[in-house]
Structures are given as structure tokens and as C-alpha cells.
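This report concerns only the one structure given below.
The values are calculated or read from the model by the stated rules, or taken from the named source; none is laboratory data. Note that the structure is a prediction, hence the values are computed from the model and not measured. Cβ sites come from the backbone with ideal geometry, for glycine too, and all protein chains shown count toward neighbours.
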């Protein structure tokens, strides 16, 4: 059985019948400069028995991606640090890659 619900920042309570379960979450689209880090606690999957209570914590954290910029371009060739027919690289009118 699949149950779908909206999660709230202060928590959402769900009552399940005894049996196996797994909590998952649809991951929303994120802007290219952000990365979504999702953490699910240990009780987010397993078995639940009659009268048992479990707590599943879902934490979503957005982190800004860090980019490493090239300080020096390689020259033509096919070894380490060299370009052999570069594809998909463009330079704009201010010479930015």
C-alpha cells in the first residue's frame, strides 16, 4: 500500500497497519547552483508491529555548490592537461568560457 501526504516542518503523524514499510520522498527540482542533501533516519524503513510506535526523521538541506575554476588552459594534444578536439566549449564576446 502507498500512502501519499504532505510533510510539515513540525512533523506529520501517520498510523500504519502492522507489516513492512518504507518512507521515501519525491525530490523537488533544484536550481543548478544548489544541491539537495536528504537524510532519512534508521526508522524510515523496516517492520512495524501491532501497538508499536516508530519515529522517522526526514531532513532536507540545500547546499550551494562550489565550483573550481581553471586557472590555466592546456594546449593542443592528447595527454594529461591537453585538448584533442574539444567539444561543447564556447567563448562569449568578453572571452568568458
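Could you please tell me which pairs satisfy a Cβ distance under 8 Å, a separation of 6+ or placement on different chains, a first residue in segment 30-51 that is closer than 29 Å to residue 64 by Cα, and a second residue that is loosely packed, with under 10 Cβ neighbours inside 10 Å and at pLDDT below 75?
36/27; 36/28; 38/27
State whether one or more residues within segment 23-34 are in a strand (DSSP E or B), touching a strand residue (DSSP E or B) at 6+ places or on another chain (Cβ under 7 Å) and at pLDDT below 80. Steps first, answer last, please.
Just the residues of segment 23-34 that are in a strand (DSSP E or B), to begin with: 34.
Remaining after also requiring touching a strand residue (DSSP E or B) at 6+ places or on another chain (Cβ under 7 Å): 34.
Restricting the remaining residues to those that are at pLDDT below 80 gives 34.
Yes, because at least one residue in segment 23-34 is in a strand (DSSP E or B), touching a strand residue (DSSP E or B) at 6+ places or on another chain (Cβ under 7 Å) and at pLDDT below 80.
Let's see how each residue does on (1) loosely packed, with under 10 Cβ neighbours inside 10 Å; (2) modelled with pLDDT of 75 or more; (3) assigned to a strand (DSSP E or B); (4) in contact with a strand residue (DSSP E or B) (Cβ under 9 Å, 6 or more places away or on another chain):
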site: 13; (1), (2), (3), (4): yes, yes, no, no
site: 51; (1), (2), (3), (4): yes, yes, no, no
site: 54; (1), (2), (3), (4): no, yes, no, yes
site: 62; (1), (2), (3), (4): no, yes, yes, yes
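What number of residues within segment 15-49 are touching a helix residue (DSSP H, G or I) at 6+ places or on another chain (Cβ under 9 Å) and surrounded by 11 or more Cβ atoms within 10 Å (Cβ to Cβ)? Show your work before the answer.
Initial filter on segment 15-49 (touching a helix residue (DSSP H, G or I) at 6+ places or on another chain (Cβ under 9 Å)): 21-24.
Those still in the list that are surrounded by 11 or more Cβ atoms within 10 Å (Cβ to Cβ) too: 21, 23-24.
The total comes to 3.
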